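Worksheet: one structure, shown below.
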Amino acid sequence: MSVVTGTTRALACLALGHDEDGSVRCPSSDEDLVRQLVEQVQALRVAAGVVEESEVDRAERIEVVEDVLSDVLVDSDAVIDPEVARRLVERLDGAGWTLHPVRRP
């Protein structure tokens, strides 16, 4: 069952932009259209500094910090405690910094 009307679909497709040939980019199914719109909105929110973090996002950020700390301390015998990475992420958040992935073409 389609949840997108013709006018809404046209506006949503226009919001996604244009393909290289200048035609309006529009997925064939409503589900793909909604998915692409959500991705676009999330990318715009991240670019604007508005990030809604899920538990999975937080876990990924902590894992990245653990990996980075391990790489930085590769010449030492230090073992990175996941709690240290979690606390570091919280301190960064408290200071107004956040880590988020950057989409690359």
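Readers should treat all values here as calculations from the given coordinates under stated rules, not as data from a laboratory. This is a predicted model, so every value here is computed, not measured. Every residue, glycine as well, gets a Cβ built from its backbone with ideal geometry; the counts of neighbours run over all protein chains shown.
Miscellaneous remarks
- Hz values of 3J(HN,Hα) by residue in segment 27-43 - Karplus curve (6.51, -1.76, 1.60), Gly and Pro given as x: x, 6, 10, 4, 4, 5, 4, 5, 4, 5, 5, 4, 4, 5, 5, 4, 4
- Between A47 and V68, the modelled label-to-label distance comes to 2.3 nm, taking each label 7 Å out from Cα in the direction of the beta carbon.
- Theoretical gain in end-to-end length, Q40 to E83 [0.36 nm per residue, Cα-Cα removed]: 12.1 nm
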